[in-house]
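Here's the structure we're looking at; comments come further down.
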Amino acid sequence: MRARYSFFFPAFIFLFFACANQPNETVGNAPTVADYFNYGDTGVQSAGVKLIAITTPVGKFKVWTKRFGNNPRIKVLLLHGGPSAGHEYMECFESFFPKEGFEFYEYDQLGSSYSDQPHDSSLWTIEHFVDEVEQVRKALNMNKDNFYILGNSWGGILGMEYALKYQDNLKGLIIANMMASCPDYGRYAQEVLSKQMDPKILDTIRQIEARGDFNNPKYFELLMPNFYSQHLCRLSEWPDAVNRSFKHINQEVYTMMQGPSEFGIGGRLKNWDRKADLPKIKVPTLTVGAKYDTMDPEHMKWMSTQVQKGRFLYCPNGSHLSMWDDQKTFMNGVISFIKDVDQGKF
């Protein structure tokens, strides 16, 4: 009986939705189904996938994007973390944004997943990635009247940096699970997160790090139950999309920018700090923090008071991937923010 109901119920919902939203019929301000899925393609249909040519000082490369929907007023570019974690763990937005009629894009930054992965270390800088986002924006025809950035973790750094350089092209900014200072993040990891761990386990992890033995299987075996499952994603079974992101991460890029240790930050981002520049961000900005995050939620709440038009979203059951482990709170808050910006409530 259960199987039969599960078969008929989705079919009923589809028919209801299709009948309620026939072409040329609009419910409120939402696009019709026909309009939402009309990407204007004149050739072979590609399910929204587009490889965008990126020009850099060391040559031209291609980055992977995938489009969902068509909405001239709301276009959201998802910036994944890592660096180089790839778009996969952000696939959860596919279950929420289409229902709201939002147009949005999954995007693998250069060096990640389905984009080109050159081995020139001069590319792995904040400046490069900011310029890359601007090239992607232009290629996707987004502008100040419809362009939203949603960046998680390293994607939050990238979102802040983009806003500080190109905010005249931006309508709204969402900084999810990222502080405005890597030194502050490092202190939070040392002074708060590490003290929540069993001292004996922490000591073993520290010994492995001191030896630089980061490929030691024991390192991951200790981190998974004692750190990742507590502060990265608290679901008892990690979603397939999250596991795929971990599988595809580009360690060359990740280590160069983030550093090899999972406690705090090193590499080229070690001294990154934009706290003093937050008041320069004038576009409506949502900061998202979570109780069990690797980042300090109080810091992210403070960030919302420093930008010119800020709002804070707190996820009481969430961690660093609160779009997964406190999904209802995260998605409702993000969707409400985008709608409020669209309706001029800022």
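Tabulated data
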| item | result |
| --- | --- |
| Selection count where residues are closer than 23 Å to Ser84 by Cβ, of a type in the set (S, T, N, Q) and not in a helix (DSSP H, G or I), scope segment 98-146 | 6 |
| Check on Met90, part of a helix (DSSP H, G or I) and touching a strand residue (DSSP E or B) at 6+ places or on another chain (Cβ under 6 Å) | yes |
| Lone qualifier among Asn332, Asn317 - being in contact (Cβ under 8 Å) with a residue 12 or more places away in the chain and surrounded by fewer than 19 Cβ atoms within 10 Å (Cβ to Cβ) | Asn317 |
| Test: residue in segment 273-281 that is within 18 Å of the chain's Cα centre (by Cα), modelled with pLDDT of 95 or more and closer than 18 Å to Gly155 by Cβ | no |
| Criterion (in contact (Cβ under 8 Å) with a residue 12 or more places away in the chain and buried (at least 19 other Cβ atoms within 10 Å of the Cβ)) met by exactly one of Thr255, Thr294 | Thr294 |
| Long-range neighbours under 7 Å by Cβ, at least six apart or interchain, first residue closer than 18 Å to Lys165 by Cα and modelled with pLDDT of 95 or more within segment 119-135, second buried (at least 18 other Cβ atoms within 10 Å of the Cβ) and of a type in the set (D, E, K, R) | Ile126/Glu161; Val130/Glu161 |
| Residue under evaluation Leu222, criteria (1) among the hydrophobic types (A, V, I, L, M, F, W, C); (2) touching a Gly at 6+ places or on another chain (Cβ under 9 Å); (3) under 29 Å from Pro316 (Cβ atoms); (4) part of a helix (DSSP H, G or I), criterion not met | (2) |
| Restricting segment 106-117 to residues that are surrounded by fewer than 22 Cβ atoms within 10 Å (Cβ to Cβ) and touching a strand residue (DSSP E or B) at 6+ places or on another chain (Cβ under 6 Å), the residue that is farthest from Gly69 (Cα to Cα) | Asp116 |
| Enumeration of residues in segment 28-54 that are more than 23 Å from the chain's Cα centre (by Cα) and within 22 Å of Gly86 (Cβ to Cβ) | Ser46 |
| So Leu286, is it touching a strand residue (DSSP E or B) at 6+ places or on another chain (Cβ under 9 Å) and of a type in the set (A, V, I, L, M) | yes |
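The values are calculated or read from the model by the stated rules, or taken from the named source; none is laboratory data. Since this is a predicted model, take the numbers as computed values, not measurements. Reconstructed Cβ throughout: ideal geometry from the backbone, glycine too, with neighbour counts over all protein chains shown.
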